[in-house]
Every structure is written in structure tokens, then in C-alpha cells.
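Only one structure is covered here, and it is reproduced in the block below.
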Amino acid sequence: MTLDVSKVQEFSKKIVDNLEKVIVGKRKTVELVVIGLLCQGHLLIEDVPGVGKTMLARSLAKSLGCSFRRIQFTPDMLPSDVTGVSIFNQISREFEFRPGPLISQIVLADEINRATPKTQAALLEGMEERQVTVDGETHILPSPFMVLATQNPIEYEGTFPLPEAQLDRFLMRVSLGYPGIEDEMNILGLQQLRHPILMLESITGTEEVLEMQEAIKEVYVAEVIKRYIVEMIRSTRESGDVYLGASPRGSLALFRASQARAALHGRDYVLPDDVKALAGSILSHRMVIDPAARLRNITADVIVEEIMRALPMPGGDLSARKR
């Protein structure tokens, strides 16, 4: 399809503006959520309780006019509680599939790290292949499909850290953080009579969302930008402070998200600034830090910053298409 950048930018802006009616003072994070939506990716929202993680997911579903299901993960939850189960109907003498909450368009996996690894793994097939298999039968998930998982810090008691295979399936890891003084006062005023999400209206539909997801794939990425992305990913694997670096899925994630960010800012080509702005959110959760580096308080975010400083920035006319 022909790329109309202004249309993608207008779509993104109205979603961001609508979400900001509920999520106050967090425009950067809200923009990352919209980028994740455009990339058909899933988001891991890691933060302390009470900062608006659940409201963000609910507001997104309501803004898009998409079906929404919430899964409250607990230690005693079973995989069938997520994907669904086949039940024998004694009248028809046949098994009937009862879909689980995962079969929806926007899925909130609340406190995902409170569930056991076996239950966490129930999300893997759906997140990657957009389908679930129950009792040998495959069920296709609706489009668009997006998982927003919330996670408490792993230092909290009663949590199970997500395995690397599952973390790698999240496009980005984002954090809301505490609001500033003025923003928090604004929140008090907005919720004095009723919650603003009750007044939030749907401003788009499924067809437009799918159209925008296809449109961003047309954003031009110069060869030097592709090499810049690949070299950044390879640097995570070669760092002495990293035990396990980012996978090729990380390269694809950074590539696609850079296209979405460029379109969100009204460009039909990717700049190095797009890659750098997204690198921390996309790569930090894909790396396993070496134990010796952890003892020196070296974090994944610090390593990504060091890699970006060391890599030379691509130059030249990055908007020129080869004919």
C-alpha cells in the first residue's frame, strides 16, 4: 500500500491525546505504547503498584474500540485458565471449546510475574504466532492482538521472574514512574467526581488500526541505518558485561519500531535518532547481565548507553531511495 505519513501521524496523535485524558504527564511512555501498537508488538510494563499500569491498558482498548480482557495472574493459576479449555457436552456428546481470556484483541496480563513459569508459558504461542493450541486444536486469535503485561519488581516476595524466552517476545519494556507534583495534583482534580476512563470514547476502529499497522512497513530504512541496528545488536553479544546478548528478534523489533517512530513524527524515513530513542526500551530486557557486572551495579540500560556512545552515527542522505 502507498504510505501516507500524515495519516499515520494524525492517527497516532489522536490515540496519544485520548490516552493522556487518563494517563497524565506520561506522554513519552504513551507514545511508546502507540509505537508498540503500530508494530503489532507486545509490551511489558514494569513498575510499582498504583502508577496507572492497568488504566493504561484499559484506556488503550477503549480508545481503539477493541475487545478487552484482563487476566489476574496468581500462583495457583493454570495454563487452561489463560488459553481456554475443552469441555464435554453431554447433550451433543461432543467436546466444546470454551475460550480463555487470551482470545481477545487487547489483553492485560496483570502481575504476570506472580504466576508460575508453566502458566506464564501459556502466553508464548499466542504472543508469537497469534494462535493457541488446546487439545490438539488450533484457534486463531483476533486482529489486532496485543498483550500488555504488568510486572512488579522482582525483589518483591511471591514473584517468579520471567524466563528469557518470554522476555524476548515483548517488543518493549516500559515504565510509567511516579508523576510530578503538578501532574499528581491534576490527577486528584480529574478524579474528584468520577474516573476519567468512564468518559473516554472510542476514536477509531479495527480496520483503521490494521491499516496503520501495514502502512508503517513502508517507511524507508537506509542500508546504513540497517547496519547501525545490526551492529548495535551485535555489540550486546560481544560486551564483556553481558552473558547473553539480544537475539535477531531484537534486531527486527528495533527495525520495525524505528519505522513506527519515524511515521509518528511525520517522516517517511528512519533517522539514527529513532533507533537511539528506542534502543533502551527494546534491548535492555533482552540481555542477561554477567554476574560479575551485576556485582558492580552495571545495568542493562547502562550497557545500552555505552554501546550507543561507542558506535559511530550513520550520515549522508538517509531519505534518498535507490531507484
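In region 62-111, how many are crowded, with 17+ Cβ neighbours inside 10 Å, out of contact with any Pro (no Cβ under 6 Å at 6 or more places or on another chain) and outside any strand (DSSP E or B)?
Final tally of qualifying residues: 16.
Residue 289 - would you say it is touching a Gly at 6+ places or on another chain (Cβ under 6 Å), more than 30 Å from residue 17 (Cβ to Cβ) and surrounded by 14 or more Cβ atoms within 10 Å (Cβ to Cβ)? Can you show your working first?
Numbers: touching a Gly at 6+ places or on another chain (Cβ under 6 Å): no; more than 30 Å from residue 17 (Cβ to Cβ): yes; surrounded by 14 or more Cβ atoms within 10 Å (Cβ to Cβ): yes.
No.
Looking at 169, 98 in this structure, which one is of a type in the set (Lys, Arg) and free of Cβ contacts under 8 Å to residues at least 60 places away in the same chain? Even if it seems obvious, please write down each step before you answer.
Numbers: 169 fails: free of Cβ contacts under 8 Å to residues at least 60 places away in the same chain.
Exactly one residue qualifies, and that residue is 98.
Considering every residue within region 42-54, establish whether at least one is touching a Gly at 6+ places or on another chain (Cβ under 6 Å) and closer than 30 Å to residue 178 by Cβ.
The initial filter retains those residues of region 42-54 that are touching a Gly at 6+ places or on another chain (Cβ under 6 Å), namely 43.
Subsequent filtering for residues that are closer than 30 Å to residue 178 by Cβ retains 43.
Yes, because at least one residue in region 42-54 is touching a Gly at 6+ places or on another chain (Cβ under 6 Å) and closer than 30 Å to residue 178 by Cβ.
Name every residue in region 39-50 that is more than 22 Å from residue 198 (Cα to Cα) and either in a strand (DSSP E or B) or without any contact (Cβ under 8 Å) to a residue 60 or more places away in the chain (or both), in order of residue number.
Start the filter on region 39-50 by keeping residues that are more than 22 Å from residue 198 (Cα to Cα), which leaves 39-48.
Result: 43, 44, 45, 46.
Filter region 281-310 for residues that are farther than 27 Å from residue 33 by Cβ and not in a helix (DSSP H, G or I) and give the result.
290, 296, 297, 298
Out of the residues in region 179-215 that are without any contact (Cβ under 8 Å) to a residue 60 or more places away in the chain and of a type in the set (S, T, N, Q), state the one that is farthest from residue 143 (Cα to Cα).
192
Which residue out of 266, 316 is among the small types (Gly, Ala, Ser), closer than 27 Å to residue 33 by Cβ, over 17 Å from the mean Cα position of the chain (by Cα) and not in a helix (DSSP H, G or I)?
Details: 316 fails: closer than 27 Å to residue 33 by Cβ.
Criteria check complete, one pass: 266.
Looking at 276, 226, 217, which is the one that is farther than 21 Å from residue 33 by Cβ, at pLDDT 90 or above and not in a loop (DSSP other than H, G, I, E, B)?
Working: 276 fails: farther than 21 Å from residue 33 by Cβ; 217 fails: farther than 21 Å from residue 33 by Cβ.
Residue meeting the stated conditions: 226.
Name the single residue, out of those in region 165-214 being surrounded by fewer than 15 Cβ atoms within 10 Å (Cβ to Cβ), assigned to a helix (DSSP H, G or I) and within 18 Å of the chain's Cα centre (by Cα), that is modelled with the lowest pLDDT.
165
Find all pairs meeting these conditions: Cβ atoms under 8 angstrom apart; at least six residues apart or on different chains; first residue within region 20-38 and free of Cβ contacts under 8 Å to residues at least 24 places away in the same chain; second residue assigned to a helix (DSSP H, G or I) and basic (Lys, Arg).
Sorted first by the residue in region 20-38, then by its partner, the pairs are 20/27.
If you check residue 141 against the conditions, is it surrounded by fewer than 18 Cβ atoms within 10 Å (Cβ to Cβ), farther than 30 Å from residue 304 by Cα and aliphatic (A, V, I, L, M)? Give the derivation first.
Values: surrounded by fewer than 18 Cβ atoms within 10 Å (Cβ to Cβ): no; farther than 30 Å from residue 304 by Cα: yes; aliphatic (A, V, I, L, M): yes.
The answer is no for residue 141.
Among the residues in region 52-75, are any small (Gly, Ala, Ser), at pLDDT 90 or above and more than 17 Å from the chain's Cα centre (by Cα)? Steps first, please.
Initially, region 52-75 is screened for residues small (Gly, Ala, Ser), giving 52, 57, 59, 61, 63, 65, 67.
Adding the requirement that they be at pLDDT 90 or above leaves 57, 59, 61, 63, 65, 67.
If we keep only those that are more than 17 Å from the chain's Cα centre (by Cα) too, we end up with 65, 67.
Yes, the conditions are met somewhere in region 52-75.
The values are calculated or read from the model by the stated rules, or taken from the named source; none is laboratory data. Here the structure is a predicted model, which is why all the values come from computation and not from measurement. Cβ atoms come from the backbone with ideal geometry, glycine included; neighbour counts cover every protein chain shown.
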